[in-house]
1. Under a Cβ-Cβ cut-off of 13 Å, what is the net charge of the residues other than Glu45 that fall near it, where Lys and Arg count +1 and Asp and Glu count -1?
2. Along Cα→Cβ, 7 Å out, is where each label goes; now give me the distance between the ones at Arg53 and Ile3 in nm to one decimal.
3. Pairs of alpha-carbon atoms within less than 8 angstrom and 6+ residues apart define the contacts here; what relative contact order does the stretch 83-145 have, in percent?
4. What's the carbon and sulfur percent of the chain's accessible surface, probe 1.4 angstrom, rounded to a whole number?
5. Subtract the Cα-Cα distance of Asp74 and Asp36 from 0.36 nm times their separation in residues, and report this length gain in nm to one decimal.
6. How large is the accessible surface per residue of the chain, computed with a 1.4 Å probe and reported in Å² as a whole number?
7. Using a 1.4 angstrom probe on the protein heavy atoms only, line up Ser88, Ser121, Ser127 by accessible area, largest first.
8. Whats the longest run of the chain with zero GluC sites (Glu not before Pro) that are DSSP loop and have at most 12 other Cβ atoms within 10 Å?
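The values are calculated or read from the model by the stated rules, or taken from the named source; none is laboratory data. As the structure is a computational prediction, the values presented were derived from the model and not from experiment. Heads up, the Cβs are rebuilt from the backbone with ideal geometry, glycines too, and the neighbour counts pull from every protein chain shown. The area values use the complete protein model at the heavy-atom level, side chains included, leaving out ligands, DNA and RNA. Shrake-Rupley method; radii C 1.70, N 1.55, O 1.52, S 1.80 Å.
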Amino acid sequence: MPISNEFKNRINDLVSDVYIDRKIRKSDLPKMIGIDYSSLSNAMEYGIVPTPRIAMRMADYFECSIPYLLGLTDDEHFTKSKKNESFSDRIDLLCEAKKTDYAKVCKECKLYRGYLARWISHRYIPSWEFLDLLADYFDVSVDYLLGRTDDR
């Protein structure tokens, strides 16, 4: 798992604001976010970047973009999607808009040809590396690709 001081600092700032504003006990916060205690603890103590699915839950709870959560940007602007679209839904929409298919996306992104179809059929969210690659290919943000925002 990657380690990021920027992420560590950002998650600590967000968590301390929650403790102050909402008067929440430290042990209750992971349950409220929907993650296990070790994921939050590892993030806060060591800056260990969680899986995309856990990071999505954190970003949803803190109502921020994933790049903001990870400390990749200081832009706090985030508008939550009004649609209920998943990663799979967004890939399908983006392929349709680009008039392409999974095989061509995989070929152009130099991915194993079955990856995208497997992610879609199993409702799996790929690793950060693949999310970044696909977001660049479709010229959208990771948050858009994951269905978290309608801002491309």
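1. Summing Lys and Arg as +1 and Asp and Glu as -1 gives +2.
2. 2.6
3. Relative contact order comes out at 32 percent.
4. On the way: 4410 of 8990 Å².
For the chain, the apolar C and S fraction of the accessible surface comes to 49 percent.
5. Here the segment from Asp74 to Asp36 would lengthen by 11.0 nm.
6. 59
7. Ser121, Ser127, Ser88
8. Details: sites that count: Glu63, Glu76.
Result, exposed sites excluded: 77-152.
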